[in-house]
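Q: Let me begin by handing over the structure; questions about it come next.
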Amino acid sequence: MTSCAFFPTSPYTLPLIRHIIREGKGFKLTALLSYPGFGLDGLDGSFADLRDCIGLNVHSDIREECCKWERLIVANHHDYLNSESNNRYVISLIMTAFKLKKDVVCVQRLNLDDYESCLCVAKANNCRLIYLPDLSVFTATKPINRLEKLHAFYILFGGIIPDASSMDAFFCCAEALSRKHRVSLISSEENTKLCKVNSIHSIIRSSISEENKIYEINYKLSCVEQREHPEIVLVYSEEPVVAFNDESFNGFGIVPFILSKALRTDLFMCSVPVSYYSPSFIGNLSEGILNQNGYSIDGISISNQLVDNSGILDKEHLSVTYVQRQVVDNIKLQYQSYSSIPAYNLIDDSEKERMAFDIEQAYLESIRTKIIPE
C-alpha cells in the first residue's frame with residue numbers, strides 16, 4: 001500500500017480526504033499539507049470545517065514529515081480569488097516533491113509550460129507525474145437525435161451554494177449503499193477522479209453547445225450503465241442548483257438544469273447552510289427547483305456553514321464560516337416536526353446511515369412499483 005501526502009487541506013477537499021481514509025484502496029494518507037498561513041499548522045485537518053475528526057495533523061512545510069510518505073497527491077485548490085499565487089505555489093510544491101524523490105498525482109490543472117517543466121524535473125529525479133485532468137480538448141461525438149434510455153435509479157447530490165458537504169453526503173451514501181447494491185458514481189467535480197469516480201467535468205467545461213452537453217452526458221451515463229451494470233447511480237454536482245440571490249448568481253443553476261435533461265432524477269438530496277434551514281424556505285426552494293428542473297427536494301443535508309451576506313466579495317463568491325455540530329442539531333430539532341422533507345445532520349454517523357437507509361428504501365419501493373412489460 002502506497003503512503004501518500006495530500007495537498008491542499010481545506011473545507012473543499014476534506015470530504016475527499018475523509019473518503020480516501022475510509023475507503024482508499026492501494027494507498028493510504030499519512031500526511032496532510034496546506035498553504036502557508038492557512039492557519040492549520042499542527043492542528044487536526046478537521047479544524048478547517050469543524051466536522052468529523054481526521055486523525056492527522058496538518059503541516060505547511062512539505063519537508064517536515066516527508067519520511068512518512070512516498071507519493072504526493074495534489075488536488076484542485078478551489079481558490080479562484082487567489083488562483084495565480086496559489087498556482088505558483090502548487091508548481092513549487094510539485095518540484096520540491098520530485099527533488100525529494102517522491103511521485104506526484106496531480107488533479108490541479110497546469111498550463112502547458114508548467115506541465116512540461118514538471119515532466120522534465122520528474123524525469124531528472126527518476127520520479128513519476130501522474131496527471132489526471134484530460135489533456136485533449138473535448139469535442140462532441142454523439143449525434144443529436146435521441147437520448148439513450150437509462151435504467152438505473154439515479155440520486156443527485158447538490159446544494160444551493162458551493163459547499164463540499166454535499167460531496168460528503170455523496171461519498172457516505174456510496175459507501176453504505178455499495179455494501180448491498182451495485183453502485184456507480186458520477187461527478188462533475190474533477191478531484192473525485194482520485195477515487196476513480198466517473199467524471200463528466202470535461203463535458204461540462206467544454207466549449208460545445210449546451211444541447212450537445214446534454215446528449216454527451218446522457219451517452220456517458222449510458223456507457224457507465226453498460227460497463228458497470230449498476231442498480232443505483234449517485235451523481236454529485238459541484239455546481240449549485242439555483243442562483244443564490246441577486247448578488248451571487250451561482251452560475252444560475254445552469255449545470256444542474258443540463259443534468260436534469262440528460263438523466264431522470266429519482267431523488268435529489270440538497271445541501272443547505274444551517275443559517276437558511278427552515279420549513280418555509282425549504283418548501284419554497286423545493287417548489288422552485290421542481291419548476292426549473294422537474295424534480296423536487298427529497299432530503300436535506302444541513303450543512304454547518306453560515307453565510308455572511310455582508311461578506312460577498314464579488315458576484316460569484318460567498319463569505320462563509322463553519323459552526324459546531326451542536327448548532328446544527330439545535331436548528332434541526334427546532335424545525336423537524338414542521339417539515340415534510342427529511343433533514344439530516346451528516347456530522348453524526350447515525351444520520352449518515354439514516355440518509356443511506358432512506359435512499360435504499362426509496363430504491364426498493366421503486367422496484368416494487370415498477371411496471372414490467374410483458
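Q: Taking residue 348, is it modelled with pLDDT of 90 or more and either farther than 16 Å from residue 165 by Cα or outside the structural domain of residue 279 (by TED's automatic domain parsing) (or both)?
A: no
Q: Go through the residues of region 14-28 one by one and say whether even a single one is of a type in the set (Asp, Glu), surrounded by fewer than 15 Cβ atoms within 10 Å (Cβ to Cβ), more than 15 Å from residue 107 (Cβ to Cβ) and modelled with pLDDT under 95. Give the steps one after another, and end with the answer.
A: Step one: of region 14-28, the residues of a type in the set (Asp, Glu) are 23.
When the remaining residues are screened for being surrounded by fewer than 15 Cβ atoms within 10 Å (Cβ to Cβ), the result is 23.
If we keep only those that are more than 15 Å from residue 107 (Cβ to Cβ) as well, we get 23.
Now restrict to residues that are modelled with pLDDT under 95: 23.
Checking region 14-28: at least one residue is of a type in the set (Asp, Glu), surrounded by fewer than 15 Cβ atoms within 10 Å (Cβ to Cβ), more than 15 Å from residue 107 (Cβ to Cβ) and modelled with pLDDT under 95.
Q: Which of the residues that make up region 175-191 are over 10 Å from the mean Cα position of the chain (by Cα) and either among the charged types (D, E, K, R) or assigned to a loop (DSSP other than H, G, I, E, B) (or both)?
A: 175, 178, 179, 180, 181, 182
Q: Go over the candidates 51, 63, 88 one by one and state the one that is within 24 Å of residue 325 (Cβ to Cβ) and either outside any loop (DSSP other than H, G, I, E, B) or of a type outside the set (Ser, Thr, Tyr) (or both).
A: Numbers: 63 fails: within 24 Å of residue 325 (Cβ to Cβ); 88 fails: within 24 Å of residue 325 (Cβ to Cβ).
So the residue among 51, 63, 88 that is within 24 Å of residue 325 (Cβ to Cβ) and either outside any loop (DSSP other than H, G, I, E, B) or of a type outside the set (Ser, Thr, Tyr) (or both) is 51.
Q: Would you pick out the residues in region 123-175 that are among the small types (Gly, Ala, Ser) and within 30 Å of residue 100 (Cβ to Cβ)?
A: Keep residues of region 123-175 that are among the small types (Gly, Ala, Ser), which gives 124, 136, 140, 152, 158-159, 164-166, 169, 174.
Passing the criteria: 124, 164.
Q: What number goes with the only condition from (1) of a type in the set (S, T, N, Q); (2) more than 22 Å from residue 27 (Cβ to Cβ); (3) free of Cβ contacts under 8 Å to residues at least 12 places away in the same chain that residue 237 does not pass?
A: So residue 237 meets the others, but not (3).
Q: If we scan region 127-139, do we find a residue that is in contact with a Phe, Trp or Tyr (Cβ under 9 Å, 6 or more places away or on another chain), in contact (Cβ under 8 Å) with a residue 12 or more places away in the chain and over 23 Å from residue 77 (Cβ atoms)?
A: no
Q: Please tell me if residue 134 is more than 26 Å from residue 207 (Cβ to Cβ), outside any strand (DSSP E or B) and of a type in the set (D, E, K, R). Give the derivation first.
A: Working: more than 26 Å from residue 207 (Cβ to Cβ): no; outside any strand (DSSP E or B): yes; of a type in the set (D, E, K, R): yes.
Here the answer is no, as residue 134 does not meet what is asked.
Q: Any chance region 34-53 includes a residue that's under 30 Å from residue 136 (Cα atoms) and crowded, with 19+ Cβ neighbours inside 10 Å?
A: yes
Q: List the pairs whose first member sits in region 353-365 and is in a helix (DSSP H, G or I), whose second member is exposed (fewer than 13 other Cβ atoms within 10 Å of the Cβ) and of a type outside the set (A, V, I, L, M), and whose Cβ atoms are under 8 Å apart, counting only residues at least 6 apart or on separate chains?
A: 360/180
Residues checked against (1) surrounded by fewer than 22 Cβ atoms within 10 Å (Cβ to Cβ); (2) modelled with pLDDT under 95:
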{"residue": "99", "(1), (2)": "yes, no"}
{"residue": "120", "(1), (2)": "yes, no"}
{"residue": "124", "(1), (2)": "yes, no"}
{"residue": "131", "(1), (2)": "yes, no"}
{"residue": "134", "(1), (2)": "yes, yes"}
{"residue": "142", "(1), (2)": "yes, yes"}
{"residue": "160", "(1), (2)": "no, yes"}
{"residue": "165", "(1), (2)": "no, yes"}
{"residue": "172", "(1), (2)": "no, no"}
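Q: Please work out if residue 239 is touching a strand residue (DSSP E or B) at 6+ places or on another chain (Cβ under 6 Å) and either surrounded by 19 or more Cβ atoms within 10 Å (Cβ to Cβ) or at pLDDT 95 or above (or both). Give the derivation first.
A: Numbers: touching a strand residue (DSSP E or B) at 6+ places or on another chain (Cβ under 6 Å): no; either surrounded by 19 or more Cβ atoms within 10 Å (Cβ to Cβ) or at pLDDT 95 or above (or both): yes.
Taking the combined requirement at face value, the residue does not satisfy it.
Q: Now for a separate question. Take region 1-13 and flag every residue that is part of a strand (DSSP E or B) and either buried (at least 23 other Cβ atoms within 10 Å of the Cβ) or of a type in the set (A, V, I, L, M, F, W, C) (or both). Explain how you work it out, then say what you get.
A: First, the residues of region 1-13 that are part of a strand (DSSP E or B): 2-7.
If the condition is that a residue be part of a strand (DSSP E or B) and either buried (at least 23 other Cβ atoms within 10 Å of the Cβ) or of a type in the set (A, V, I, L, M, F, W, C) (or both), then 4, 5, 6, 7 are the ones that fit.
Q: All but one of (1) within 30 Å of residue 219 (Cα to Cα); (2) of a type in the set (A, V, I, L, M, F, W, C); (3) in contact with an Asp or Glu (Cβ under 9 Å, 6 or more places away or on another chain); (4) at pLDDT below 90 hold for residue 81, so report the exception by its number.
A: Every listed condition holds for residue 81 apart from (1).
Q: Can you confirm whether residue 47 is under 30 Å from residue 222 (Cβ atoms) and either of a type in the set (Phe, Trp, Tyr) or touching a residue at least 12 places away in the same chain (Cβ under 8 Å) (or both)? Step through it out loud before you land on a result.
A: Numbers: under 30 Å from residue 222 (Cβ atoms): no; either of a type in the set (Phe, Trp, Tyr) or touching a residue at least 12 places away in the same chain (Cβ under 8 Å) (or both): yes.
The answer is no for residue 47.
The values are calculated or read from the model by the stated rules, or taken from the named source; none is laboratory data. Owing to the predicted nature of the structure, the values given are computational and were not obtained by experimental measurement. Backbone-built Cβ (ideal geometry, glycine too); neighbour counts: all protein chains shown.
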